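Inspection log for the structure reproduced underneath, given as structure tokens.
The values are calculated or read from the model by the stated rules, or taken from the named source; none is laboratory data. Because the structure is a prediction, the values reported are computed rather than measured. Positions of Cβ are generated from backbone atoms using ideal geometry, with glycine treated the same way; all protein chains shown enter the neighbour counts.
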Ligand SMILES: Nc1ncnc2c1ncn2[C@@H]1O[C@H](COP(=O)(O)OP(=O)(O)O)[C@@H](O)[C@H]1O
Ligand SMILES: Nc1ncnc2c1ncn2[C@@H]1O[C@H](COP(=O)(O)OP(=O)(O)O)[C@@H](O)[C@H]1O
Ligand code: SF4
Ligand code: SF4
Ligand code: SF4
């Protein structure tokens, strides 16, 4: 990693010592609320005056302590997060918020809660369907959380503070979209690895700091000349959560650009905004339940099956066109039920657009890098030979 | 002047080098011990000696296989997928599907017009690889060849239920201890591996002709078991161990030819023939 | 899911009760009924257990094909591997729920054969349905992804996803503060299901019939509860091995007279056995709780192995998805809407131990349930099975055991590892060695206490 | 109660305990509560033949004729193959018994055998009152060590010695034995030293052992058993992980066979006191 001045330097710092900023803030008396997954309604945490912090795993650290309390049949990313938490890596947390995302997350809530014993924990019982009755219910769930967190904060979370937080997070997302959009040019102005690192960095800092950090990064990256160098294949990565840059780096080291993604952190979580609504909870509920497109949410089938596929995966096709993607890598973890079951459908959907797909099943561990490299390189050779 | 091309295939278990002009002029196969991996130069030297050539006579060197990055003197690294595809396509032009059973992994490759268009590799467990065979052969006290032949004499079907290499080994040992015939165990093992391989290559929608290559192709018992599973006749590559290295040499040749056609110079690594050094 | 197996194994597997012994043929008949119904033009629904729609589909005369049951049968017949492999060939990871993989592998194969059953399909196979009824919340992910995945092979079959959440146990609020929201939502979801079924199957809901069936289910719940409670007797007249059979009427025949009658007979049989002091085994040394995990359907004889060591299982948490309704803090009589009735029943089933849990600091309802069973059934040790492919029922077991030992007592425990139907994860010698060792610890603990 | 207490006549019948493990077979000859000889052989070929051989070797060393043996107790994976056995017990109970004999103060035991690693707790009388096993993957077993030693082209003793010289932390992140093997190969290619690799492998195994101990709830003293305990580097890693010194038998592989022999002695004593 080359050391650059400004925004990217700070990004590197936050990535290298993940959580260092939260630790500092804690020292200054801020309260830090940890969460797993893109379904934690960070706006509510920000509105309560707390710092939302996304718990991250580590592909380079062996999972050694998690197994005492957690089965090995859990998604390896969640296990790794838990392992680091048990090892005390996130000792600065005051609370934990876990949404009902997938089985690996939902079923481990109690394990997290009872093992870590933090002053605050809350489970957001998010429904699985996106229809309107589910939306209504989900609003009550968000209100329960709002009330509960307000109790912990010692004051109610007002509509005003919530609206303020929503605006901030929308602005933050707009910045991410702007930054990620710089990958449209050929070659992209920002590499996939750099973007991945920026997104990791901002998982660990308050939203206002994130906005300014992203501003710096954009200012730094934008003036880069769109040099016409060697042509490289433009790759999109589609998958579940990817909170580590190792895999993206591997792809780019093999001679490609990662120009688009359907991942979180990534476009999945930063593309949709929350609308400003009279009751702020309404806009939030719609954003999380209906706008974020993740395999864990069941989209109600309205039309024919091809229409249904378009409803579920159309956004992927959109990115492929918009970012001139040459090939898609479908990257799924072992034991991930929501994404695992979608592989045949999503693979054939993308292939039907004429875009080749490489499907990889991985374990969230650096040990698989060698195996992955050969596959990625072979895939790039295939693309090159076309 | 004849142009020579070298293909260096550093596999997980075996290192293979071929030097080709229009045909293969030299071939060397050695083990890829952990240390030998950095000594690709020695294998290359011995191939050059066989061919009676010097390193400067070689127009282009392509390295492939698991250890391809550790060949500093290669002009280009290409994955074993592309190399096997190229090699098999030239050895067996009718091939549409390639099944390569190597030491640490197993792959299926779909060919179209002599090029790889799709592939799969085993992901999860070591089961279904040459390593599995070796481990079991060792447990049975047999060489790989012996195990292959013996399996053809089996009278009974034995199921090996464990897919994990390590536990399958123990299962085999226990069965052996119970007095199950070695030939039957060998068949059971071949069936177990064939099942794993079949499950994987099926993802490609296998089309004839199907060519098996890699060290595993040398094992007749395994090839037989795989044929049964697939329900298709299989062709064994005429050069099972060397397909990858031959493909590498041919891809080198292609590179030089393409460059000549386009009238651009070939970029070469210009590294001398020396052992790999590591930054640690 | 029962005991029809290869002939040589069938001999080995022995049930303690006659009722459980009859389940095999009941299951076979139940399955045979599906193609028959299809032949008669009646709508078929791919269905899951514990999804609260039993009475709804029965009232609309829609025939369920229970997909988990079918996968379990393939597993019990040790014939699931080819379907699992088939699913793997479709790029479905082997780490996913193997019930789903088996079902999907089967569907993919059948559709590839143009609708013909795959060769030698166990018990006549699974037919192509008219609708698929999934469940999104909260039981597991595969239940809402499975049918979507199946549409890849059957794009013309519509799916519905039914959400049935229950309030989580938290310290900072009481579930009663939110229970009305939950019930309201579940009722809306159930109503959505009825509309979906009316739209896609050309049937009309007969609401009176539904109310009758809801009542029948209530009575069945109470009866099952009472029958299972009889197993508290020493020696216990029925073990978990049998309960893995009686789960068929419990889970697949809820809301039918046949289901009710089955448990009536079971109840009577158990009472007679108790009167005769007839236990699962004559000399009962250790009473064990099956404290979690679905069984390995291909290895039900392990229960007999336990028996041969003097161990019995008077209780299990698995599949015991009923409680005595009269113990719930709710007056069902005042609820007139049958859908609302179903919703409350479900909610109370999950929350009925919350109040008790609060009284033991640091406890959790799942662990309270273990404690209840340990005390009610005089349990000496806890056995769990960790099936690698199902997170839903198998994640959290280790933690539950740890918590149980922390807040209650250091009771001997054993965790077995394998799968529900993927036999390649099973090793009989290893499993039995673990059981032997566990029996030794039980003996040591017992002799020390006594 | 040991057999010698019961024996007033001075006659000390010899008994033998045999443990047929998945990778090694062990036999211990006991007389009057004292070990008089033992033998260890790799479990290859037919278990029956190995069992006979290991018994013969142990008897030969003890200078005792087979006819003079008062009891043969078998345990282990292949216990059923010990034709001459007069009794058999689970290897867990035998190991508990063996440890209690060697280290009466031991309450927690970690056994690193070829097939799996397990931890168990003993009461004061040497009874196993709780146990947990490593997950069913070879990554947590002693077999891993043998596999890695092979890749490094050294024997187990050499690997142990090398690991002590490690200067740098190399971590292995996979739990699969076979993939750890290929990870090791890659690390060699990357230029990592054998010393560091070996130490990394021991650390990985020690971490498994530690998490088992935690699941069991640790109680002092802690003892080790099984072939894995022959590795001082592994022992050290476990000590660091668990945070206490551990007791290691001189011949850790023999513990189960010793326990079996003790049980055979019990039975002889009971038989005698009855007669
Ligand atoms: N004569 C033989 N019979 C059967 N199998 C063999 C024979 N020779 C080599 N093999 C198998 O081939 C494998 C090596 O094959 P290879 O294709 O060279 O793999 P890699 O490229 O990964 O080193 C060994 O693991 C071994 O199992
Ligand atoms: N000399 C040694 N040094 C280090 N480790 C050893 C040695 N001998 C055996 N081992 C380890 O111990 C394991 C065998 O232990 P053992 O307790 O005998 O197992 P089992 O009873 O299952 O055969 C082997 O897998 C090996 O890793
Ligand atoms: S990767 Fe899959 S299993 Fe893991 S947390 Fe995400 S959705 Fe859940
Ligand atoms: S509960 Fe488990 S076994 Fe049942 S469908 Fe869900 S994942 Fe599969
Ligand atoms: S089961 Fe065996 S081969 Fe499979 S992952 Fe585990 S150690 Fe590796």
Notebook entry, point to check: Is it the case that some residue within the stretch B:44-64 is within 11 Å of chain A (Cβ to nearest Cβ) and over 13 Å from the mean Cα position of the chain (by Cα)?
Noted result: no
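One line per residue, one yes/no per condition, for (1) within 9 Å of chain C (Cβ to nearest Cβ); (2) within 20 Å of residue C:136 (Cβ to Cβ):
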| site | (1), (2) |
| --- | --- |
| A:313 | no, yes |
| A:316 | no, no |
| A:338 | yes, yes |
| A:341 | yes, yes |
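Does residue C:54 meet the test of being touching a helix residue (DSSP H, G or I) at 6+ places or on another chain (Cβ under 6 Å) and either more than 14 Å from chain B (Cβ to nearest Cβ) or away from ligand 4 (no atom under 13 Å from the Cβ) (or both)?
Against the criterion (touching a helix residue (DSSP H, G or I) at 6+ places or on another chain (Cβ under 6 Å) and either more than 14 Å from chain B (Cβ to nearest Cβ) or away from ligand 4 (no atom under 13 Å from the Cβ) (or both)), residue C:54 does not qualify.
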Next item on the list: For residue B:117, indicate whether it is free of Cβ contacts under 8 Å to residues at least 24 places away in the same chain and closer than 15 Å to residue B:201 by Cα.
Entry: yes
Next item on the list: With respect to residue B:114, determine if the residue is more than 10 Å from chain D (Cβ to nearest Cβ) and either closer than 24 Å to residue B:175 by Cβ or modelled with pLDDT under 85 (or both).
Entry: no
Check: Is it fair to say residue C:333 is part of a helix (DSSP H, G or I) and within 14 Å of chain A (Cβ to nearest Cβ)?
Finding: no
Next item on the list: Scan the stretch C:432-448 residue by residue and report those that are over 14 Å from residue C:380 (Cα atoms) and in contact (Cβ under 8 Å) with a residue 24 or more places away in the chain.
Entry: C:432, C:435, C:436
Checklist line | Count - residues of the stretch D:54-74 that are surrounded by 16 or more Cβ atoms within 10 Å (Cβ to Cβ) and farther than 21 Å from residue D:270 by Cβ | finding: 7
Checklist line | Leading residue by the ranking (farthest from the other protein chains (Cβ to nearest Cβ)) among those in the stretch B:185-223 that are under 14 Å from the mean Cα position of the chain (by Cα) and assigned to a loop (DSSP other than H, G, I, E, B) | finding: B:219
Next item on the list: Would you confirm whether any residue within the stretch C:407-429 is farther than 30 Å from residue C:82 by Cα, assigned to a helix (DSSP H, G or I) and away from ligand 1 (no atom under 16 Å from the Cβ)?
Entry: yes
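Answer yes or no: is there a residue in the stretch A:70-87 that is in contact (Cβ under 8 Å) with a residue 12 or more places away in the chain and more than 22 Å from residue A:366 (Cβ to Cβ).
First, the residues of the stretch A:70-87 that are in contact (Cβ under 8 Å) with a residue 12 or more places away in the chain: A:70, A:73-87.
Then drop every residue that is not more than 22 Å from residue A:366 (Cβ to Cβ), which leaves none.
Among the residues of the stretch A:70-87, not one is in contact (Cβ under 8 Å) with a residue 12 or more places away in the chain and more than 22 Å from residue A:366 (Cβ to Cβ), which makes the answer no.
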Notebook entry, point to check: What number of residues within the stretch D:214-239 are within 14 Å of chain A (Cβ to nearest Cβ) and modelled with pLDDT under 90?
Noted result: 5
Checklist line | Selection from the stretch A:338-386 of residues that are under 24 Å from the mean Cα position of the chain (by Cα) and farther than 22 Å from residue B:202 by Cα | finding: A:338, A:363, A:364, A:365, A:366, A:367, A:368, A:369, A:373
Check: Looking at (1) within 14 Å of another protein chain (Cβ to nearest Cβ); (2) assigned to a helix (DSSP H, G or I); (3) surrounded by fewer than 22 Cβ atoms within 10 Å (Cβ to Cβ), which is the only condition residue B:248 fails?
Finding: (3)
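Restricting to the stretch D:83-104, give me the number of residues that are part of a loop (DSSP other than H, G, I, E, B), away from chain C (no Cβ under 14 Å) and in contact (Cβ under 8 Å) with a residue 24 or more places away in the chain.
Restricting attention to the stretch D:83-104, the residues satisfying the condition of being part of a loop (DSSP other than H, G, I, E, B) are D:83-86, D:89-90, D:103-104.
This time we only want the ones that are away from chain C (no Cβ under 14 Å), so: D:83-86, D:103-104.
So of that shortlist, the ones also in contact (Cβ under 8 Å) with a residue 24 or more places away in the chain come out as D:83-86, D:103.
Total satisfying the criteria: 5.
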Note to self: Given the options A:191, A:204, name the one that is within 19 Å of residue A:19 (Cβ to Cβ) and in contact (Cβ under 8 Å) with a residue 12 or more places away in the chain.
What the structure shows: A:204
Next item on the list: Residue by residue through the stretch A:105-121, note down the ones that are within 16 Å of ligand 4 (Cβ to nearest atom) and touching a strand residue (DSSP E or B) at 6+ places or on another chain (Cβ under 9 Å).
Entry: A:105, A:106, A:108
Notebook entry, point to check: What number of residues in the stretch D:105-160 are away from chain C (no Cβ under 14 Å) and touching a strand residue (DSSP E or B) at 6+ places or on another chain (Cβ under 6 Å)?
Noted result: 3
Notebook entry, point to check: How many residues does the stretch A:350-377 contain that are in a helix (DSSP H, G or I), within 13 Å of chain C (Cβ to nearest Cβ) and touching a strand residue (DSSP E or B) at 6+ places or on another chain (Cβ under 9 Å)?
Noted result: 2
Checklist line | Which listed residue, of A:108, A:140, is away from ligand 2 (no atom under 16 Å from the Cβ), within 30 Å of residue C:162 (Cα to Cα), surrounded by fewer than 24 Cβ atoms within 10 Å (Cβ to Cβ) and at the interface with another protein chain (Cβ under 8 Å from one of its Cβ atoms) | finding: A:140
Margin query: So, in the stretch D:223-267, how many residues would count as being outside any helix (DSSP H, G or I) and either within 16 Å of ligand 4 (Cβ to nearest atom) or surrounded by 23 or more Cβ atoms within 10 Å (Cβ to Cβ) (or both)?
Written below: 5
Note to self: within 14 Å of chain C (Cβ to nearest Cβ) and more than 30 Å from residue B:255 (Cα to Cα): is that true of residue A:283 in this structure?
What the structure shows: no
Item checked: Positions within the stretch D:169-209 being assigned to a loop (DSSP other than H, G, I, E, B) and within 9 Å of another protein chain (Cβ to nearest Cβ), in sequence order -> D:171, D:172, D:173, D:174, D:175, D:176, D:190, D:191, D:192, D:193
Note to self: Residues that are assigned by TED's automatic domain parsing to the domain that holds residue B:268, more than 16 Å from ligand 5 (Cβ to nearest atom) and surrounded by fewer than 17 Cβ atoms within 10 Å (Cβ to Cβ): list the strands (runs of 3 or more DSSP E) wholly contained in the stretch B:1-116 that include at least 1 such residues.
What the structure shows: B:24-31
Check: Do the conditions hold for residue A:339, that is, is it over 17 Å from residue C:149 (Cα atoms), assigned to a helix (DSSP H, G or I) and in contact with a strand residue (DSSP E or B) (Cβ under 7 Å, 6 or more places away or on another chain)?
Finding: no
Next item on the list: Could you list all residues from the stretch B:12-32 that are in contact with a strand residue (DSSP E or B) (Cβ under 9 Å, 6 or more places away or on another chain) and within 14 Å of chain D (Cβ to nearest Cβ)?
Entry: B:13, B:14, B:15, B:31, B:32
Margin query: Would you confirm whether or not the stretch A:159-172 contains a residue that is touching a residue at least 60 places away in the same chain (Cβ under 8 Å), farther than 19 Å from residue C:185 by Cβ and within 14 Å of another protein chain (Cβ to nearest Cβ)?
Written below: no
Check: Could we say that residue A:214 is surrounded by 18 or more Cβ atoms within 10 Å (Cβ to Cβ), part of a helix (DSSP H, G or I), at pLDDT 95 or above and within 20 Å of the chain's Cα centre (by Cα) here?
Finding: yes
